[in-house]
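Some notes on the structure that comes next.
The values are calculated or read from the model by the stated rules, or taken from the named source; none is laboratory data. The shown structure was predicted, so the numbers you read here are calculated from the model rather than taken from an experiment. All Cβ positions, glycine included, derive from the backbone under ideal geometry; neighbour counts span all protein chains shown. The accessibility values were calculated without ligands, DNA or RNA, using every heavy atom of the protein model including side chains. Shrake-Rupley method; radii C 1.70, N 1.55, O 1.52, S 1.80 Å.
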Amino acid sequence: MSVWVSEVVMRRGLRFCSRRSLWQQRNFLLSAPIKDSCSPGKQFFHLWSSRQSQTWLSRSPVSSVRFYSQGANHGDDLEYGEHLPSQPADSASAERERKPPFLELLESCGSPSDVLDLTGKYSPTARQVSHCLTHMWATTKKMTDEQRRYELQLMFEHPAFDQLLQRAMKTVVHIRNEDVTYSLLSMVNLGVPQRSRVVQTFLRTCQEKLNDFDEKSLSILASSLEQMEDGANVRALKEGMRLVVEARLPGIKNVMALQTMMRLLGKDAPKDLKWKLEKKALSMTDHFSLPNAQYMISTMATMGFFSKPLLDVCSKKITENIHGIPFNRLFKLLQSCRELLYRDVHLLTSISDYVASSLDIWTNKQLLLFLSVFENLVFCPAALMDAYADKVIANPDVLTLKDLLCVLKVYSSLSYDLQDRRQQFLDSLSHVLSSYLPKIAAFELLKAIYCLCLLGHFPYAPLEQLLQSSVLEKLAGLKFPKSQERMFQMVDVCLRVDRPPLPQPLTVPASVLGDTTPSTPSVNPRLLLDLQSLLEDQAHTMLQEGVMVENFYFIDAAVTKPTPNQTSVCEASIGGGEGCSPAESSERIAVIYAPQTRFCYGTSNPRGPLAVKIRHLKILGYNSVLVTEQDLQSVSKETRIDFLRERIFPQHHRPETQPDEKEHLRS
């Protein structure tokens, strides 16, 4: 065997040296562009890594391998008879009896290096090369990140790795289309550089065979291209696949294959093709499995394509089978919903309930990621927030500083009311914050205090540290001064309006408040006209447009009206020629026009700064009436006025208002 190998090496070495000198060859391997590799004088290209080009030459003399070009024969240099010496029939039969088949040995390999060791003992056939590459990738999928890095390093340093890639490149035209695509996918996942000759050879072969690829091969190729960086051959294949997919779309029967090709086509796919894909996907919804439904939503996010009918079908499927879905899939699902700006109350509520009911199976990091993505969706997961608050109350010291900041951000943004556990929860968070005061950064302290002020909680020690001159000086040198000014302005107004009972009074220095001149946005004209129409027949009421309170809060309209128990008194006083004191007998109502994003999705619960604004206006003597854009659109003027009358004059609300109109206002 060794004599035979030596002869082959010598024969190939002579052929190699007859074409170019070794010095010229090495320089070409490192520099020749792939597009020129078809020319007669440029027969070689580096197989997989510039770092190992010289060791590859020194230890692996190989024959010339032509890069694929139209009209060339890929098998010119492939000598299938070379890979094993001839053996007598009886000897070969005995060998098969003594040793298990190659694939059985391959399945027992537990790492890429094991596979390469096997290929050093048994020369694999053309198709077995594909199996080897696929199994090498499969063995790394179950490894930890650290173990995977170590095993891949061993793989790249293994002397048989170059030989396997050489064999793969020479046999590519002799294997099935499915094996070509599996081999390419495996090499990409194993980290073989995209610009290496072996990968480029497979890409060019895929271009030539693309019209012959079946649905499965197209799907595997799409998975490979999805992970590859842009390049001439990649772009050509993607464009070719777009044409093939569009032509074969009616005949696609596999959901996963359709989804993989949808992802490959991506955001650049023409709009009419996206609609065709949507139509095809909707025709296959009866065959959707649970993974299909999850993957379809992430696929649509990848495409940047919003299809509510398709999303609703997938959401229903997931909601019905929510239990048992692992963290990664649930989190990816929520992220995709956020990217698509799609929020289904039933789906989000079911995820919240499921996570809350199985709290012990999730790590603290996973729970915080869930809470964070819910907050990004502007959805309040009530069950999860209740359950996590209990977890914090039971063991607050488990929170890291990063955890604490995340919890404060989520709970202050969604303004969730924990009712009788509120104070205990906030005290637990304050305790954790105080433990980090010696090492917390100035900006992180500002963010924490800002969130606590939104929640109406004012721990003295953190507040006192924030307002120290040394801390304020550190903040002055940081970026994002506008965001700092807004947070300091909120802390300032909270201290002035909430007036918390502190051991020593604290005030925010004017130097960190920035420009405190309030902005005065225009009042919605439709809202103003409707208010004027409503109040024109209301005695003893007064309407003020665009009122600024505490030099901080803007009120679109302030309505002053007599209190219900004083209305008759005022009427009698006026009839007798006497006045009625507004201070003693009036009620002030702040009419606030607020975007829908200021509310938790699917509810009328204000959140974040809007919730603080309502809290402060109540302290200042105003009852707030919130009006959204949805309340003023797509309904008649009479319906809008009835809506305002119900909010401002509930005692005068007409009971005959049509229920369907009222429902339409909030739908």
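For Ser358, state whether it is touching a helix residue (DSSP H, G or I) at 6+ places or on another chain (Cβ under 7 Å) and either open to solvent by less than 60 Å² (accessible area, probe 1.4 Å) or more than 27 Å from Asp427 (Cβ to Cβ) (or both). No; evaluated as a whole, the condition is false for this residue. In the condition set (1) open to solvent by less than 10 Å² (accessible area, probe 1.4 Å); (2) not in a loop (DSSP other than H, G, I, E, B), Ile325 is compliant with all but (2). Look at (1) modelled with pLDDT of 90 or more; (2) touching a Phe, Trp or Tyr at 6+ places or on another chain (Cβ under 7 Å) and you find that Ser111 fails only one, number (2). Is at least one residue of segment 285-306 in a helix (DSSP H, G or I), charged (D, E, K, R) and modelled with pLDDT under 90? Checked against the condition, which is being in a helix (DSSP H, G or I), charged (D, E, K, R) and modelled with pLDDT under 90, segment 285-306 yields no hits at all.
Counting only residues that are within 20 Å of the chain's Cα centre (by Cα) and either open to solvent by less than 10 Å² (accessible area, probe 1.4 Å) or among the hydrophobic types (A, V, I, L, M, F, W, C) (or both), segment 306-322 holds 8 of them.
When you check Ile351 against the structure, is it at negative phi, out of contact with any Gly (no Cβ under 8 Å at 6 or more places or on another chain) and surrounded by 17 or more Cβ atoms within 10 Å (Cβ to Cβ), yes or no?
Numbers: at negative phi: yes; out of contact with any Gly (no Cβ under 8 Å at 6 or more places or on another chain): yes; surrounded by 17 or more Cβ atoms within 10 Å (Cβ to Cβ): yes.
In short, yes.
Kindly establish whether Asp403 is farther than 30 Å from Ser298 by Cα and of a type in the set (D, E, K, R). Spelling it out, it is not the case that Asp403 is farther than 30 Å from Ser298 by Cα and of a type in the set (D, E, K, R). Restricting attention to segment 219-254, the residues that are open to solvent by 80 Å² or more (accessible area, probe 1.4 Å), of a type in the set (D, E, K, R) and within 26 Å of the chain's Cα centre (by Cα) total 3. If only residues of segment 485-503 that are among the basic types (Lys, Arg) and assigned to a helix (DSSP H, G or I) are counted, the one that is least open to solvent (accessible area, probe 1.4 Å) is Arg496.
Look through segment 545-561, keep the residues that are surrounded by fewer than 21 Cβ atoms within 10 Å (Cβ to Cβ) and closer than 14 Å to Ile648 by Cα, and return whichever of them is nearest to the chain's Cα centre (by Cα).
In this case the residue turns out to be Ala558.
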